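Colleague: This is the structure I want to talk about, given as structure tokens.
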Amino acid sequence: MSTEAAAMRQAIRPDMPPDGPRAADLYARVKRVVPPVEWAVFEPDIDAILRLKRERNAVILAHNYQTPEIFNTVADIVGDSLALAREAADVDADVIVMCGVHFMAETAKLMNPGKTVLIPDLKAGCSLAESITGADVRALRVAHPGVPVVTYVNTSAEVKAESDICCTSGNAVAVVESLGADRVIFLPDEYLARNVAAQTGVEIIPWQGRCEVHERFVPADIETLRRDHPGIEVLAHPECDRSVVEVADFAGSTAEMARYVAERHPSRVALITECSMSDNVAVANPGVEFVRPCNLCPHMKRITLPRIRHALETMTAEVNIPVEVAERARRAVERMVAVGRGGPRA
Ligand code: SF4
């Protein structure tokens, strides 16, 4: 940008940061997936967020399902649930802004309780997290005495507090097998439970929760993709029904899908998961053609640039967890992280 153009921008946009990165410098990252007309709308909020991050000493964590203008420009740390949980523990900044859903903000608070954790929209929930309560877990323990409880991270802190250990879709089999038990109660995703059961000799007792995004995929979607796009490689998330996973070329967490594309460079690929994931992996893999079967998560999409900006301006909405719940929930998350780091068997 010329000096005159920069001066003009400063004059008409007093919220421009006086130093540090500017939105205009970041467009090259996302131009494959964000058209210029949309970028013009995003730029003022991105500049304001970059400035506010410095003023508040804040970092932004963004899940793989966030839209590309958030994921690739204002976020400092990106990844799947497991990566965000691990990275949240190491944040030095005063403030963590979680661009994801509520249980992810709770997990960040559990992992780093001394920080102020903000979520840009308190209504960013999750159909899995809402499918089960702490009382449900206590009832399951009564019905299955002595059987350990493995809880997917897509749950409230209250449910985690009733659990022996947490897991993500990336480490679920390792976590189940780390317990050394013949049977485990696996909550709350019944599809993930079936996909885990297919990979282990441990008997899995499931719950009836489902992800409202992944449950919509059916095997016929994969057949149509293969017919219309010859040579396509199909990667499915294990929150999909077993019948979908069985006809995919690969099944794995969002991090494992991203790794598959980065390492194998398929000429044409479809990610059977939330829609924004394809945009974000496409940014990092310009030589790969993405066919997008588009199911959006309405909860993830509640996080927008204006709401992130508002969160940092007003320092709301803060996520806190009652101390007695937090201590027990943190134990379950930390046991999961220890398994990932080759920690002791439960
Ligand atoms: S994609 Fe599914 S599991 Fe993820 S937040 Fe949305 S509803 Fe929950």
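Laboratory data are not the source of any read-out in this text; all were calculated from the coordinates shown. This is a predicted model, so every value here is computed, not measured. Ideal geometry is used to build each Cβ from the backbone, glycine not excepted, and the neighbour counts take in all protein chains shown.
Colleague: For the range 190-217, give me each residue that is touching a residue at least 60 places away in the same chain (Cβ under 8 Å) and touching a strand residue (DSSP E or B) at 6+ places or on another chain (Cβ under 8 Å).
Modeller: Ile205, Trp207, Gly209, Arg210, Cys211, Val213, His214, Arg216, Phe217
Colleague: Across the range 267-287, which residue is nearest to the ligand (Cβ to nearest atom) among those that are among the hydroxyl-bearing types (Ser, Thr, Tyr) and under 18 Å from Glu239 (Cβ atoms)? Before the answer, list the steps.
Modeller: Within the range 267-287, the first condition is being among the hydroxyl-bearing types (Ser, Thr, Tyr), and the residues that meet it are 267, 273, 276, 278.
Subsequent filtering for residues that are under 18 Å from Glu239 (Cβ atoms) retains 273, 276, 278.
Details: Thr273: 8, Ser276: 10, Ser278: 14 Å.
Checking each candidate, the answer is Thr273.
Colleague: If I ask for residues that are assigned to a helix (DSSP H, G or I), within 13 Å of the ligand (Cβ to nearest atom) and touching a helix residue (DSSP H, G or I) at 6+ places or on another chain (Cβ under 7 Å), which ones from the range 216-254 would you list?
Modeller: Pass one, the range 216-254, residues assigned to a helix (DSSP H, G or I): 216, 219-228, 242-247, 254.
Next, from what is left, pick out any that are within 13 Å of the ligand (Cβ to nearest atom): 216, 254.
Across the range 216-254, the qualifying residue is only Thr254.
Colleague: Got at least one residue in the range 257-266 being away from the ligand (no atom under 16 Å from the Cβ) and assigned to a loop (DSSP other than H, G, I, E, B)?
Modeller: Yes: the range 257-266 contains one or more residues that are away from the ligand (no atom under 16 Å from the Cβ) and assigned to a loop (DSSP other than H, G, I, E, B).
Colleague: Considering only the range 288-329, how many residues are under 21 Å from the mean Cα position of the chain (by Cα) and either free of Cβ contacts under 8 Å to residues at least 24 places away in the same chain or within 15 Å of the ligand (Cβ to nearest atom) (or both)?
Modeller: The qualifying residues number 13.
Colleague: Looking at (1) closer than 17 Å to Ile308 by Cα; (2) under 13 Å from the mean Cα position of the chain (by Cα), which is the only condition Asp94 fails?
Modeller: So Asp94 meets the others, but not (2).
Colleague: Name the single residue, out of those in the range 262-277 being crowded, with 23+ Cβ neighbours inside 10 Å and over 13 Å from the mean Cα position of the chain (by Cα), that is farthest from Arg29 (Cα to Cα).
Modeller: Looking only at the range 262-277, we keep the residues that are crowded, with 23+ Cβ neighbours inside 10 Å, and these are 269-274, 276-277.
Checking which are over 13 Å from the mean Cα position of the chain (by Cα) leaves us with 269-272.
Details: Val269: 21, Ala270: 21, Leu271: 21, Ile272: 24 Å.
Restricting to residues being crowded, with 23+ Cβ neighbours inside 10 Å and over 13 Å from the mean Cα position of the chain (by Cα), the top hit is Ile272.
Colleague: Need at least 1 residues that are within 16 Å of the ligand (Cβ to nearest atom) and buried (at least 19 other Cβ atoms within 10 Å of the Cβ) per element, so show me which strands (runs of 3 or more DSSP E) inside the range 154-213 make the cut, counting only ones lying wholly within it. Outline the logic, then answer.
Modeller: Values: elements: 165-167, 183-187, 203-206.
Because the criterion is at least 1 residues that are within 16 Å of the ligand (Cβ to nearest atom) and buried (at least 19 other Cβ atoms within 10 Å of the Cβ), the strands (runs of 3 or more DSSP E) in the range 154-213 that meet it are 165-167, 183-187.
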